[in-house]
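Asker: There's a structure below that I have some questions on.
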Amino acid sequence: MQIKSKTRSISVELDELYGKEGTPERDAFRREAYAYYTGQIIEQARKEANMTQAELAAKIGSNKSYISRVETGRTEPKVSTFYRMASALGLSVELTPTVQLP
């Protein structure tokens, strides 16, 4: 009895769903994915700090709706705002040259 593998490469899946690497569609997907991932990091850190969105917003001079948009990936904070958020949450940011971003 032969069993056929249904394993597929994630690259093949991404190519089919969002286009090949370097296409505008794939680049847009990558930017959206990074925005979502950034938001998840902020949300998790905020919850671990037992802080509400309103409290974080007040600490960085923003508003609750902005924090919500960041956490859901609808907007990506500027680098300076990301650093203010990290600092307000008691986090440090370490930059390492491991991933090339578009």
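Asker: Residues of the range 33-53 being over 19 Å from SER80 (Cα atoms) and part of a helix (DSSP H, G or I), which ones?
Answerer: ALA33, GLN44, LYS47, GLU48, listed by residue number.
Asker: Take the residues in the range 1-52 that are among the hydrophobic types (A, V, I, L, M, F, W, C) and modelled with pLDDT under 85; name whichever of them is nearest to the chain's Cα centre (by Cα).
Answerer: Among those that are among the hydrophobic types (A, V, I, L, M, F, W, C) and modelled with pLDDT under 85, it is ILE10.
Asker: Given (1) at pLDDT 90 or above; (2) closer than 30 Å to SER11 by Cα, identify the lone condition not met by THR81.
Answerer: With (1) at pLDDT 90 or above; (2) closer than 30 Å to SER11 by Cα applied to THR81, the lone miss is (2).
Asker: A follow-up question, please. Would the range 67-81 turn up any residue that is surrounded by fewer than 12 Cβ atoms within 10 Å (Cβ to Cβ) and under 15 Å from the mean Cα position of the chain (by Cα)?
Answerer: Among the residues of the range 67-81, at least one is surrounded by fewer than 12 Cβ atoms within 10 Å (Cβ to Cβ) and under 15 Å from the mean Cα position of the chain (by Cα), which makes the answer yes.
Asker: Looking at the range 82-101, which of the residues that are of a type in the set (Gly, Ala, Ser), assigned to a helix (DSSP H, G or I) and in contact (Cβ under 8 Å) with a residue 24 or more places away in the chain is surrounded by the fewest Cβ atoms within 10 Å (Cβ to Cβ)?
Answerer: The qualifying residue surrounded by the fewest Cβ atoms within 10 Å (Cβ to Cβ) is ALA86.
Asker: Consider VAL99 carefully, then state whether it is among the β-branched types (Val, Ile, Thr) and modelled with pLDDT under 85.
Answerer: So VAL99 passes the test.
Asker: Which of (1) over 18 Å from LEU89 (Cα atoms); (2) surrounded by fewer than 15 Cβ atoms within 10 Å (Cβ to Cβ) does PHE29 not meet, given it meets every other one?
Answerer: (2)
The values are calculated or read from the model by the stated rules, or taken from the named source; none is laboratory data. Because the structure is predicted, anything quoted here is derived from the model rather than measured. Counting neighbours? That spans all protein chains shown, and the Cβs are built from the backbone with ideal geometry, glycine included.
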